[in-house]
Amino acid sequence: MKSARPRSATIPKKAVRQTKSAGLPKSKVMSLYRAQVKQMRNEKPVLISQTSTIIGTDNSWFNAQIIPRDPSWVAVNNASYVWYSGNLNSSNAIISKTFTLALNRNILASTLFLSVDNYAVVIINGVPLLFDGPTTATSNFNPGRTFNIRTFLRKGRNDIVIIAFNDNGARSQDNPAGVAARLNINLSAIQS
Ligand SMILES: [Ca+2]
């Protein structure tokens, strides 16, 4: 009798892009992530209890400051372009947000829209969603990209860290840099 083939564990469908890193080793990027989460541990998470929520980049994001939109960047509804508030000329910006999803609602759907000049790493709850390699591809900021992040989120506290990189060094008049991100989150009715 033929024995049943062991079934491999189901691999969760996540939009993880492996190996490519934004000019930094993955270990370095993960340590930047951990340092950022530690820095914002005293930030009060936004409590999300409504069924439909939008979280867009603005000055409330940790280390973020709103900057003018470059004419070549796509206009993003409900999110502003930002850069590192500590130094707007920096060649990169590490920004983040923490929020709490209601425990008595299920996560039905969630997407992340990202527009970045020039490329980015995105980590949600310690799990890499996006690891861009260095690029000047204009599609990164027009039209930008949308990711399904439902499986990255969880009930309770969540964090998202975006490390945005400007190609070829400092952000300047001649070499603009900016990032706009928008999370759309849909929760179920209250589960009894
Ligand atoms: Ca640039």
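Hey, for a label at ARG41 modelled as a point 7 Å past Cα toward Cβ, could you say which residues of segment 113-150 have their backbone N under 19 Å away?
Correct set: 124-127.
What does the extension gain come out to for ASN148 and ARG34, with contour length at 0.36 nm per residue minus their alpha carbon separation? Don't jump to the answer; show the numbers that get you there.
Numbers: separation 114, 0.36 × 114 = 41.04 nm, distance 2.30 nm.
Extra length from ASN148 to ARG34 when fully extended: 38.7 nm.
Could you list LEU32, LEU47, LEU114 in order of exposure, starting from the residue whose Cβ has the fewest other Cβ atoms within 10 Å?
On the way: LEU32 17, LEU47 11, LEU114 25.
So the ranking, lowest neighbour count to highest, is LEU47, LEU32, LEU114.
Counting Lys and Arg as +1 and Asp and Glu as -1, what is the net charge of the other residues whose Cβ lies under 14 Å from the Cβ of ASN106?
On the way: positive: ARG105, ARG150, ARG154, LYS155; negative: none.
Every neighbour counted, the sum reads +4.
Given a cut-off of under 8 Å on Cα pairs at least six residues apart, what relative contact order in percent is computed for the chain? Spell out each step's value before the answer.
Details: 428 pairs, mean separation 60.1, N = 192.
So the answer I get is 31 percent.
Quick check: the angle from helix 26-39's long axis to the longest principal axis of the chain, C-alpha only, nearest 10 degrees?
90 degrees
Expressed as a rounded percentage, what relative contact order does segment 98-192 have, with Cα pairs under 8 Å and six or more residues apart?
Numbers: 196 pairs, mean separation 44.8, N = 95.
47 percent.
Provide, for segment 26-187, the number of lysine pairs with alpha carbons under 22 Å apart, each pair being eight or more places apart or on different chains.
Taking segment 26-187 as the scope, the lysine pair count is 9.
How large is the helix-only mean residue ellipticity at 222 nm for the chain, computed as the sum of -39500 (n - 2.57) over DSSP H runs with n ≥ 4, divided by its residue count, in deg cm²/dmol to the nearest 500? Display every interim value, and only then the final one.
Details: 1 runs with 14 residues, N = 192.
Calculated at 222 nm, the ellipticity per residue is -2500 deg cm²/dmol.
Starting from 0.36 nm per residue, how many nanometres of slack lie between THR100 and THR53 once their C-alpha separation is accounted for?
On the way: separation 47, 0.36 × 47 = 16.92 nm, distance 1.18 nm.
Additional length available on full extension: 15.7 nm.
Out of TRP83, GLY126, ALA181, whose Cα points farthest toward the positive end of the dipole of segment 62-192 (charges: +1 Lys, Arg; -1 Asp, Glu; placed on Cβ)?
After comparing all options, I get GLY126.
Skipping prolines and chain starts, which residues have an amide H placed within reach, meaning under 5 Å, of the one on ASN87, given they are 5 or more residues away or on another chain?
Amide H to amide H, under 5 Å and 5 or more residues apart or across chains, ASN87 pairs with nothing.
Which of the peptides 69-75, 160-166, 98-104 is most tightly packed, and how do the rest follow, judged by the mean count of other Cβ atoms within 10 Å per residue? Present the calculation step by step, with values, prior to reporting the outcome.
On the way: 69-75: 13.3, 160-166: 25.4, 98-104: 16.1.
Those peptides, ordered most packed to least, come out 160-166, 98-104, 69-75.
At 1.002 mPa s and 20 °C, plugging the Kirkwood radius over alpha-carbon pairs of segment 26-187 into Stokes-Einstein gives what diffusion coefficient in µm²/s? Walk me through the numbers on the way to the answer.
On the way: Rh = 15.7 Å.
The calculation lands on 136 µm²/s.
Values in this text are rule-based calculations from the coordinates and carry no lab data. If you're wondering where the values come from, they're calculated on a predicted model, not measured in any experiment. Because the Cβ atoms are built from the backbone with ideal geometry, glycine has one as well, and the counts that use them run over all protein chains shown.
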